[in-house]
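Trainee: Before anything else, here's the structure in question.
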There are 2 protein chains.
Amino acid sequence: MTLESSITEVSIKGNLEQFLIVLSVSLSVATVSRIFSWFRQIPYTLLLVIVGLGLAFVDIRLVNLSPELILEIFLPPLLFEAAWNIRWRSLKDSLVPVTLFAVVGVIISVLGMAWALSTFTSLSLATALLVGASLSATDPVSVVALFRELGASKRLTILMEGESLFNDGVAVVAFVLLVGIPLGIEAFSLPTTIVKFVTFVGIGLGIGSVIGFGISYLTQRFDLPLVEQSLTLVSAYGTYLATEELGGSGVIGVVTVGVILGNFGSRIGMNPRTRLLVSEFWEFLAFFVNSIVFLLIGDQINFASLNNNLDLILVAIAAVLITRAIVIFGLGNISNLISGVKTNWREQTVLWWGGLRGSVSIALALSVPAFLTGRQEIIDTVFGVVLFTLLVQGLSTKWLLESLNLIGDQALKQEYSELLARRTALKRVLEYLDITDNVYDIDPEFLRYQKGLVKGELQSIEDRISKMKREHDNLRSLSREQLKEQLLDIEADTYAELIRAGQLNENLSPVLQEIMVEADLT
Amino acid sequence: MTLESSITEVSIKGNLEQFLIVLSVSLSVATVSRIFSWFRQIPYTLLLVIVGLGLAFVDIRLVNLSPELILEIFLPPLLFEAAWNIRWRSLKDSLVPVTLFAVVGVIISVLGMAWALSTFTSLSLATALLVGASLSATDPVSVVALFRELGASKRLTILMEGESLFNDGVAVVAFVLLVGIPLGIEAFSLPTTIVKFVTFVGIGLGIGSVIGFGISYLTQRFDLPLVEQSLTLVSAYGTYLATEELGGSGVIGVVTVGVILGNFGSRIGMNPRTRLLVSEFWEFLAFFVNSIVFLLIGDQINFASLNNNLDLILVAIAAVLITRAIVIFGLGNISNLISGVKTNWREQTVLWWGGLRGSVSIALALSVPAFLTGRQEIIDTVFGVVLFTLLVQGLSTKWLLESLNLIGDQALKQEYSELLARRTALKRVLEYLDITDNVYDIDPEFLRYQKGLVKGELQSIEDRISKMKREHDNLRSLSREQLKEQLLDIEADTYAELIRAGQLNENLSPVLQEIMVEADLT
C-alpha cells in the first residue's frame, strides 16, 4: 500500500511534468507552423511526428508511451469526438461502402498482410496475423484535415471518416481475438472466432446504445450545461471501461455512444448553447490529445531496431498498399453496383493512398504481451509502416488531390466568407462608435479619425466583395445554400426547444419530423 | 522500472475508474439537487460534502485523497480559474483590506490558533502552529456562489474572493516554513523566517509575472484559439511546478499568472471569441474539480478518529471564530480608516461568519509527513473544523445575509433579465417561422397554429414585463446600467481588435487608455 501509493504519487508528479513538456513542445510546433507560412502546407499532426522523430534522433525521449495510456486515456476522447461530429444523415447514405470497407475490408487486410508477411519473411503466421490486425485500423485525422482545408467533396470526407471510425473497432476486435493464438491459449477455429466477434461487437453496440439513449433522455429532463458537458466526458470513458469490463469492444462502445449523443442526444436534450459548448470542449480535447499522441509517435522511434527489421517493414508496406488497393478498388466498385453512392476511380485513388495508419495501430502493437516471441518485430514493423504512411503518403496526399482535380473552390469560398465576416465586424464597430458618441465625452476629433479609418477599410472590403461576386457566379449560390442550411438548423432547434419547454408535443407531425430529419436530427 | 511502470498502469486504470465513480455520484447530486427545488437552498458544494459524509458513514470510500493529488492536480486549476475571473479594477479598489486580511490576518490567525491549542489542549506548540497554518486558508467557493445567487454587493464578493485568493498563498507559505520546526530540522528564528517568507512569495510573484506577461505578449502575435486555450492550461500547471521547483510558492505563482492572463493577456492577445472559449473551459474545469474535491472531503471523514479528538476540534473551532473576528472586525476597521473602501459592521459580520475552510486546509493537513508525531491529531482537528465551517457556517450564511438585509434585488433582476431573454428568443422564433414560410412547403395550417402558440406566449411575456416595469422603478436603471457596461466592453474590445489588426497604434492616447482602464483592461 505505502509502496504503491508513494510510487503513484511520484508518477503523478512525474507524469504531469512530462506531459507539460510534451504539450509545450507540441504548442511550439503549432505556433511556429502558423507563423511561418511555409509550414502550413504540412498538416499539424504530421509536423508533430516529424518533430518527434527529430527528438528521437538526438535520443530525447519525452515519455514512455504505454498501450494502456493510449487505449484507455487517449483513445476514448478521440473516438468520441469523431463520432460526436459525424452526421448520421450523411453517414447513412454511405452506409454500404463504409460497412464493406470497415468489416470485409479489415478481414481482407488482416489475411492479406498475414499471408504476405509469413510467406516472404521469417515471421510466423500467428505473429503476422497480429501485424495485420494492428495495421488494419486507419487514422484519418491528418487526411480529413487536408480534405476540409482544400475543400474536397463531403462524400469523400464522410467515406474516409466513417470507414476509420468503424474499422478501428473491427481491427481492435480482430487483434484481441488473434492475440490468443500465438500464446497457445487456444487453437484457431472459424466458428468460435465468428461467435466471439459477434459477441464483442454486439456487447459494444448494446452498452453504447443503452448508455447513449439513457443519457439522451436523462439530459432531456434538465437544462444544466456544466452537468451535461460532464456527462459526455463520463459517458466516453465510462462506456469504454464498462464495455471492456463486460467482455465487449470498448472502441465500438465509445463510437456508438458518440454517434447517438452527437446526433440524437445533443438535439433532444441540450439547448443550442450547451451543444455548442460541448462541441467546443471536445474539439479542444481532441486537439489536446492529438498534440500529445502524434508527437509521441515520432518520439518513440528506435532507429537502430527499425533498421534491423527493414525487410519486414518493406514487405509490410507493400502488403498494406496492395491489400488496401484490393479493398478500395474491389469493394468500392462492388459498392458502386449495389448502393446509390458512386465513387469514381479518382476518388478511390485518394481513398487508397490517403488511408494512413496512426495511434490505434501503435497502441495495438505495443499491447502485445512482453513475453511473446516476435514482439519487437511486431512493434518495429508497425512503427515502420505507420511512419511510411504518415510521412510519404500523408505528405503527398495534397499533391494527389490537386493532380486528380478533386479540390473544390474552397479557397475562394473561404476568402469570400472571411470578407463577409469582416464586413459585419466593421459595421458593428461603426455602429458602436456612433453610440459611444453620446455616452462618453471622448475627443470628437479622435472619434472622427477612428470612424474615418474604419469606414475606409469597410469601403475597400465592399469593393472586393462586389468584385468577387462579379467574377464568380457560384458565390451567389453559396450564400443561398448557407442561408438554407442555417434556416433548417434554426427551425429544427426551435422545435426541439419548444418540445423541451413543453409547448410542443413530443410526437411530432410527420411534416415536422421530416424537417428535423433533414436537419440532422435522426 | 517494470514494477513501477506496471503499478503506474494499474493505477491509471484504477484511478480512472475511481474518478468516473466519483464524478457519477457528483453529477447525480448536481442533477437531483436541481430537479427537486428544495435542495436548491443548499449550495452545490455543501451538498456534495453532505453526500460524501453519508457515504463515509456507511464506510464507502471512493478514492484515497492524497495531498499530492489536491495540491498538484486540483489546486492549480481552481486557483487559476478564480484568478482569471477576478477583475483587477475591482480588486485594486479593495487592495488595502484584502492585503491586510491576507497577510496580517493569516499571521494573527496562525499565532492565535497556535496559542489557544497549545494552551488549552495537549498539543505541542510546534504541532499547534501547523494546525493554525492549515486553517488560515479560506475557501470562498460556496459562499461566493451564495453571494452571486442572492445578489450581495460586488464589494462584499470581491473582498471575499480577493482575500481568499491571496491568503491561500500566504497560508501555504507559512505552513511550509513551520513544518520544518517540529521535525527539528531548524530552530525558529524570526529574521530567517521573514527572509524565507519574502523569498517564497517573491519567487512566486516573479515567475508568475514572467510567465504571465510572456504568454500575454506571445498570444498577441498569433490568433489560434485552440493553442491559446492550451497555453492557459499549460501555464497554470507549468507555473505551479516551475515555481515549486525553484523554491518559490506555487500557489502564489498560479494566482499571479491567472490574474495577469485574465486581466491583461486575454485582452491584448485573444480575440473576444477565444476569451469566451477559454473562460467557458475554465468554468467547466473548476466545476469538474470542485465536484470531485468536495465530495471527497466528506468521504474522507473518519468518524471514530474525529470523535476521539473532539476536545481539540472544539477548541480549534472557538479559536478559528475568535481569531477571524479579530482579523475582520479589527483589521476591517483599520482598513476603514486608511482606505477609501468602507465596510460596515453588517458586512464585516458576513465576512467573519462566511470565512469557510476547504480543500487547501485539507491538503495542507494531509501533507504533514507520516513520521511526525501528532499527524493524526492535526488531520482530525483540521477535518473537524472544515466540516464545522462548511456545514454550520456554510448553511447559515444565507440566513445571516437575509437577516442583516445584505441581499440585493437580485431575484427580481434575475426574473426581469430572464423575461427579456425569453422575449428575444421567442421573437427570433417568430421571425424564422415567417422566413420558413417561403422556403419550405409546410402545411400552412400547422404553421399558423405554431405561430399562434408562440405569439400567445410572447404576449403573456410582454404583459409580465410591462407589469414589472410599472411596479419596480429600478428595473429601468438596470437596463441602462447593463447597456452602459456592454458598450464599454465592446468599445474596449474594438480598440484591442484594431490594435491587433494593426489599424491602431499600440501606444494609445490617454483618453482611450482611460476607456480601456474603465473596461477592466489594466
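Each value in this text was obtained by applying a stated rule to the coordinates, not by laboratory testing. Computed from a predicted model, the values in this text were never measured in an experiment. All Cβ positions, glycine included, derive from the backbone under ideal geometry; neighbour counts span all protein chains shown.
Trainee: Kindly put A:LEU156, B:LEU226, B:LEU135 in sequence by how many other C-beta atoms sit within 10 Å of each C-beta, fewest to most.
Mentor: With the sparsest Cβ surroundings first, the list reads B:LEU226, A:LEU156, B:LEU135.
Trainee: When you count, for each residue, the other Cβ atoms within 10 Å and take the mean per peptide, how do A:453-461, B:241-249, B:261-269 rank with the highest first?
Mentor: Result, highest mean first: B:261-269, B:241-249, A:453-461.
Trainee: Let me ask something else about it. Along Cα→Cβ at 7 Å, what distances in nm separate the A:LEU395 label point from those on the other copies, shortest first?
Mentor: 6.6
Trainee: Put the label 7 Å from Cα along Cα→Cβ for B:LEU95; what are its distances to the other copies, in nanometres, shortest first?
Mentor: List, nearest first: 6.6 nm.
Trainee: Using Cβ contacts closer than 10 Å as the measure, can you line up A:TYR432, B:TYR449 from fewest to most? If you can, show how the numbers build up before the last one.
Mentor: On the way: A:TYR432 16, B:TYR449 12.
Listing A:TYR432, B:TYR449 from fewest to most nearby Cβ atoms yields B:TYR449, A:TYR432.
Trainee: Assuming R0 = 60 Å, can you tell me the calculated FRET efficiency for the pair B:LEU150 and A:THR119, based on Cβ-Cβ distance, to the nearest 0.05? Display every interim value, and only then the final one.
Mentor: On the way: r = 77 Å, r/R0 = 1.28.
Once rounded, the FRET efficiency stands at 0.20.
Trainee: Go through A:LYS455/B:LYS92; B:LYS154/B:LYS398; A:LYS427/B:LYS427; A:LYS427/B:LYS154; B:LYS427/B:LYS467 and tell me which ones have a Cα-Cα distance over 28 Å in this structure. Could you put the intermediate results ahead of the total?
Mentor: Working: A:LYS455/B:LYS92 37 Å; B:LYS154/B:LYS398 16 Å; A:LYS427/B:LYS427 23 Å; A:LYS427/B:LYS154 34 Å; B:LYS427/B:LYS467 19 Å.
Exceeds cut-off: A:LYS455/B:LYS92; A:LYS427/B:LYS154.
Trainee: Got the relative contact order for segment B:42-408 handy, in percent, Cα pairs under 8 Å and 6 or more residues apart?
Mentor: 32
Trainee: If we hang a label 7 Å off Cα along the beta carbon direction at B:PHE303, how far is it from the matching labels on the other copies, in nm, shortest first?
Mentor: Label-point separations across copies, in nm and ascending: 6.5.
Trainee: Roughly speaking, what is the centre-to-centre gap between segment B:91-116 and segment A:318-358 when only Cα atoms are used, to the nearest Å?
Mentor: 70
Trainee: Mind running the shape call on segment A:12-96? Use the C-alpha gyration tensor, a ≥ b ≥ c as the square roots of the eigenvalues: rounded below 1.5 for a/c, prolate if a/b tops b/c, oblate otherwise.
Mentor: Values: a/c = 2.50, a/b = 1.39, b/c = 1.79.
Since a/c reaches 1.5 but b/c is at least a/b, the shape of segment A:12-96 is classed as oblate.
Trainee: State, to one decimal in nm, how far the label point of B:LEU111 lies from the label point of A:LYS342, with both points 7 Å from Cα in the Cβ direction.
Mentor: Spacing of the two 7 Å Cα→Cβ label points: 9.0 nm.
Trainee: To continue, here is another question. Scan around A:THR138 for amide H atoms under 5 Å from its own, H built in the peptide plane at 1.01 Å from N, and keep only partners 5 or more places away or cross-chain.
Mentor: A:ASP168
Trainee: Further question: State, to one decimal in nm, how far the label point of A:LEU246 lies from the label point of B:THR192, with both points 7 Å from Cα in the Cβ direction.
Mentor: 6.2
Trainee: Label segment A:130-246 by shape, choosing from rounded, prolate and oblate, from the square roots a ≥ b ≥ c of the eigenvalues of the Cα gyration tensor; if a/c is under 1.5 it is rounded, and otherwise prolate applies when a/b is larger than b/c, oblate when it is not.
Mentor: oblate
Trainee: Let me ask another. Classify segment B:42-408 as rounded, prolate or oblate from the Cα gyration tensor: take a ≥ b ≥ c as the square roots of its eigenvalues, call it rounded if a/c is under 1.5, otherwise prolate when a/b beats b/c and oblate if not.
Mentor: The shape class here is rounded.
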